[in-house]
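A short worksheet on the structure shown next.
The values are calculated or read from the model by the stated rules, or taken from the named source; none is laboratory data. Model, not experiment: these values are computed from the prediction. Ideal geometry is used to build each Cβ from the backbone, glycine not excepted, and the neighbour counts take in all protein chains shown.
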Amino acid sequence: MDTSSRIEEGAAALKALARAAGLRPWTLGERELVPVVQGGMGIGVSAGGLAGTVAAEGAVGTISCVDLRRLHPDLMEQTQALEGESAKPLIDAANLVALGREIAKARQLSAGRGLLAVNVMRAVSEYEHYVRHALDCGIDAVVVGAGLPLDLPELARDYPKAALIPILSDARGVQLVVRKWEKKGRLPDAVVIEHPGLAGGHLGAAKVADVHDKRFDFDVVLPETLAFLRSVGLEGRIALIAAGGVTSLDDIRRLQDLGAAAVQVGTAFAVTTEGDAAPEFKRVLAEARPEDLVEFTSVAGLPARAVRTPWLEKYLRLQPRLQAHAHVKPHCTMWFDCLAHCGLRDGNAAWGQFCIDKVLGHAAAGHIDRGLFFRGAGALPFGSAIRSVHELMQWLLGGVRPPDLGQGAAA
């Protein structure tokens, strides 16, 4: 049996496993999928390799689009030493080339199975260009977080078949987006409901003190959102995807019972064999204990959750002093203004005071002493073990434990 046939057989087996376990499939972009979405993780953590492998399993694989040139030595060679006014357009162009390459790579790996998405942060300066380029490259879905994507229907006007998916954290945000989009003649195909108290990376709360507020709990948000959709005649037309803290079959069952069509999983996919980041990155995330996680304000002005590595420990110690001396900089540290609004560049003393592109890039490359390692809360399904995407999918969809793992490794 060739590789393609084996993957096809494996995807069919997963779908059967999920049904036998009592999980409901869901439909997005006219495709029936198993109820798992791999979250977008940057920089370079979920690129074409991971996304394509997940999609081949019959799920949604997601490419995070920010600064993907870091995964391409030729593009980095052309751009990493650039400075001055001419740097930004050249770096931005290289990143669009890299995004196109990663989409093509994911499409080749998925071979038409599952569904491929691109995640774009609304907070990045090149948001519009990333969205348009992903759509031009034929991406199946665009997922947008880190801000309200009220203009996404206009950007995707020429692509009516592409699925549009905002990331929000409460029913009020869903109501706002749905009402604004409805006036523009388009509805979200799905909404990711991300719990800021459980997810990793940038979190959908106004400030760090809010991330554990009970209003974000799934048993509050999902029923409230479904009630709103029912009240405006949209029940069944917009799928809800619960994100944050999902590690098992029981979690997916519980969230489907609350009305979610699917779940989004990030960190557990980041540490798989096929994850696009360096092995050292995966070890940091997999070996982190609950007490190693810390919540703080990012340079993007959003709460964030990461592992307390040497770099983050030092930064948090120096943060009060750095914020006290915050001032407007003459230019972006990396010369390409990755964020539309940046605490470091813009001198916003209430926000983070570091170059997020640089430290996330160091993390993805495995530099423990220099990197910022975003991570979701909670234990991982296989403990500190680095296993394959297929084994993770078997565990999530059917509770099937890898036979060579100890009893406590997947719980």
Kindly check whether there is at least one residue in segment 200-217 that is of a type in the set (A, V, I, L, M) and closer than 27 Å to G58 by Cβ.
no
All positions within segment 363-402 that are polar (S, T, N, Q) and buried (at least 17 other Cβ atoms within 10 Å of the Cβ)
Q394
The residue from K161, K105 that alone is assigned by TED's automatic domain parsing to the domain that holds S46 and in contact with a helix residue (DSSP H, G or I) (Cβ under 6 Å, 6 or more places away or on another chain) is K105
Helices (runs of 4 or more DSSP H) wholly inside segment 316-411 that include at least 1 residues being small (G, A, S), under 28 Å from V37 (Cβ atoms) and modelled with pLDDT of 95 or more
356-364, 389-398
Residue check, A306 against (1) surrounded by fewer than 17 Cβ atoms within 10 Å (Cβ to Cβ); (2) at pLDDT 95 or above, all met but one. Which one?
(1)
Looking at segment 1-106, what helices (runs of 4 or more DSSP H) fall wholly within it and have at least 1 residues that are without any contact (Cβ under 8 Å) to a residue 24 or more places away in the chain and among the polar types (S, T, N, Q)?
3-20, 73-79
Starting from residues that are assigned to a loop (DSSP other than H, G, I, E, B) and modelled with pLDDT under 95, keep the ones in segment 120-149 and report whichever is farthest from V34 (Cα to Cα).
S125
Say whether the condition of being more than 30 Å from E128 (Cα to Cα), aromatic (F, W, Y) and without any contact (Cβ under 8 Å) to a residue 60 or more places away in the chain is met by at least one residue in segment 353-370.
no
Considering only residues that are within 13 Å of A377 (Cβ to Cβ), in contact with a helix residue (DSSP H, G or I) (Cβ under 8 Å, 6 or more places away or on another chain) and of a type outside the set (G, A, S), which ones fall in segment 190-215?
H195, P196
Check L164 against each of (1) assigned to a helix (DSSP H, G or I); (2) within 16 Å of the chain's Cα centre (by Cα) and name the one condition it does not meet.
(1)
Residue check, A117 against (1) in contact with a Cys (Cβ under 7 Å, 6 or more places away or on another chain); (2) outside any helix (DSSP H, G or I), all met but one. Which one?
(1)
Which count do you get for residues in segment 163-205 that are of a type in the set (A, V, I, L, M) and free of Cβ contacts under 8 Å to residues at least 60 places away in the same chain?
8
Enumeration of residues in segment 131-147 that are buried (at least 21 other Cβ atoms within 10 Å of the Cβ) and either among the β-branched types (V, I, T) or under 15 Å from A51 (Cβ atoms) (or both):
V131, A134, I139, D140, A141, V142, V143, V144
Taking segment 1-40 as the region of interest, how many residues are surrounded by fewer than 21 Cβ atoms within 10 Å (Cβ to Cβ), within 24 Å of A270 (Cβ to Cβ), modelled with pLDDT under 90 and of a type in the set (A, V, I, L, M, F, W, C)?
1
Residue set V66, V34, V45; condition touching a Pro at 6+ places or on another chain (Cβ under 8 Å) and not hydroxyl-bearing (S, T, Y); output residue V34
Does segment 258-277 contain any residue that is without any contact (Cβ under 8 Å) to a residue 12 or more places away in the chain and over 28 Å from L360 (Cβ atoms)?
no
Where a residue in segment 293-305 is closer than 16 Å to S125 by Cα and without any contact (Cβ under 8 Å) to a residue 60 or more places away in the chain and its partner, wherever it lies, is surrounded by 23 or more Cβ atoms within 10 Å (Cβ to Cβ) and among the charged types (D, E, K, R), with Cβ under 8 Å and at least six apart
none
Just the residues that are of a type in the set (G, A, S) and out of contact with any helix residue (DSSP H, G or I) (no Cβ under 8 Å at 6 or more places or on another chain), please, taken from segment 321-352.
A324, G343, G347
Single match in L96, L152, L116 (criterion: in the same structural domain as E77 (by TED's automatic domain parsing), surrounded by fewer than 24 Cβ atoms within 10 Å (Cβ to Cβ) and either under 23 Å from V34 (Cα atoms) or within 20 Å of the chain's Cα centre (by Cα) (or both)):
L96
Kindly evaluate T297 against the criterion of being within 20 Å of the chain's Cα centre (by Cα) and either farther than 24 Å from D210 by Cα or hydroxyl-bearing (S, T, Y) (or both).
yes
Taking the conditions exactly as written (farther than 24 Å from E274 by Cα, crowded, with 21+ Cβ neighbours inside 10 Å and of a type in the set (S, T, N, Q)), does Q323 satisfy them or not?
no
